[in-house]
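Every read-out reported here was derived from the displayed coordinates using simple, explicitly stated rules and does not represent laboratory data. Since the model is a prediction, treat every value here as computed from it, not as a measurement. Backbone-built Cβ (ideal geometry, glycine too); neighbour counts: all protein chains shown.
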């Protein structure tokens, strides 16, 4: 047996969203996930190992910015440091990627399966009280 | 493999007991179960103790109070299925021939977290970014309402039925009957759920005494057979998932029915994991008590109420009894065992011979739920 080293550090959930998960290009901001070189599965967020085939041969993949809103909820009770109300939801992107996300805009205007588009946003606050950089999806312009 | 019976039950009424130590929540229910089983403390060969958030070695802390420690004790963490997972291990320990009499405990003290939704693991991506359990269920509910035309009034009516049952259960935390208007008028927690549509948490303990079936009648004339004890874990899915059907429960239910050699039509009484209103409806469908999309019609027909064809949650369920994480699975078994023994007073399901319990635990990204435990009991 060869010595087993710990996996390459991929910033976990705790630091919020770093440049490791974000790509800024001509079209604007996009999420960065991973594509498995072996079975082509696309995943977000990055983990460094493919849940379909256990391959560690993954490369960064810039994800499409537009998807559809599967469902959402306006949260009115949450632990600190969250400040309520805030809106969370699941957005389905092409190639079978479902993203857990915050949702911006007027919640009264949200509809199941509506097209939504990614934008940068501060959501919530850090323990120290600073705005927390993350992302959100908002209804796509008609 | 040997058949296994439940010969004794103990239950501390769920409530808010911030000043009582976990060990002291546990021992009264242990004494009650031992007395109910007609055994001596020294007859117990091993303990399997479930806790989700109670910290290290709850089993030792409880048996220490009673001077009963020294036997093998295995503490079990499996989120909201911790108590029912402990039962699964206890059942296997007897079926295999290793032990004759085993105790199972579910114990929890959630008041130490000072209220709010059940705390989840912060290393998890979704949890760290704002997911709370009421909102996860709320997103399932919203999608279900969209696909099957369920109204918010119909959703609220699940609570009305729950409280109607709980009013007959002195062990329920919330016993006052309610109305759809009152349910919808309570404060919003995670849209579309108002407060009354979310189970309260609480502290509590539930205890089961298991015995090899061939020895059970030495101790009791009302043993209840464990006809199936089944656990599955959730499957990780990174992409699309149909959130209107709890696939982990559908899969576990099919396998548990097979293990017991029965079908949904044989079940006389069921205690299912109604952590939120929509969950009870989706579980009617997952267990085959009705077809997909027909849950509200089953509820409105009265057939899932006491006196109906398949009374679900005669105890009031999680919505009225409360949900002290690890205790829930064991407490459901206390209720169903007592139902099959004909000891449930005003909420007794007449002539119940086959009962089912279902506890499922989640709160991690990519899973419907992380774990599902289903038990079937017969007399």
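The DSSP beta bridges internal to chain B are antiparallel in roughly 70% of cases.
Considering only beta bridges that DSSP places wholly inside the protein assembly as shown, some 80 percent are antiparallel.
Helix B:22-37 axis versus longest C-alpha principal axis of chain B: approximately 70°, rounded to the nearest ten.
Helix-derived [θ] at 222 nm for the protein assembly as shown: sum -39500 (n - 2.57) over DSSP H runs of at least 4, divide by residue count, nearest 500?
Working: 13 runs with 135 residues, N = 521.
About -7500 deg cm²/dmol.
Between 0 and 90 degrees, rounded to the nearest ten: what's the tilt of helix B:133-148 against the longest Cα principal axis of chain B? Orientation of helix B:133-148: about 50 degrees from the principal axis. In a Gaussian network model over chain B where Cα atoms closer than 10 Å are linked, find which of B:167, B:176, B:216 has the largest mean-square fluctuation. Greatest mean-square fluctuation among the candidates belongs to B:176.
When you restrict to C-alpha pairs under 8 Å that are six or more residues apart and normalise by the size of chain A, the relative contact order lands at 18 percent.
Helix B:152-166 axis versus longest C-alpha principal axis of chain B: approximately 30°, rounded to the nearest ten. DSSP assigns beta bridges within segment A:66-139; of those with both partners inside it, close to 90 percent run antiparallel. Which shape class, rounded, prolate or oblate, goes with the protein assembly as shown when its Cα gyration tensor gives a ≥ b ≥ c as root eigenvalues, a/c under 1.5 marks rounded, and past that a/b bigger than b/c marks prolate? The shape class here is prolate. Taking every C-alpha pair closer than 8 Å and separated by at least 6 residues, the mean separation divided by the residue count of segment A:66-139 gives a relative contact order of 31 percent.
When only Cα pairs under 8 Å and 6 or more residues apart are kept, what is the percent relative contact order across chain B? That works out to 26 percent. Going by neighbour counts of Cβ atoms within 10 Å, the residues B:251, B:347 line up, fewest first, as B:251, B:347. Between A:45, A:115, A:79, the GNM of chain A built on Cα springs shorter than 10 angstrom shows A:79 fluctuating the most. Which residue, B:327, B:250, B:159, tops the fluctuation ranking in a GNM of chain B built on C-alpha contacts under 10 Å? For chain B, modelled as a Gaussian network with Cα springs under 10 Å, the answer is B:250.
Judged by the ratio a/c of the largest to the smallest principal axis of the C-alpha gyration tensor, segment A:44-142 counts as oblate, that ratio being 1.5 or greater while a/b is no larger than b/c.
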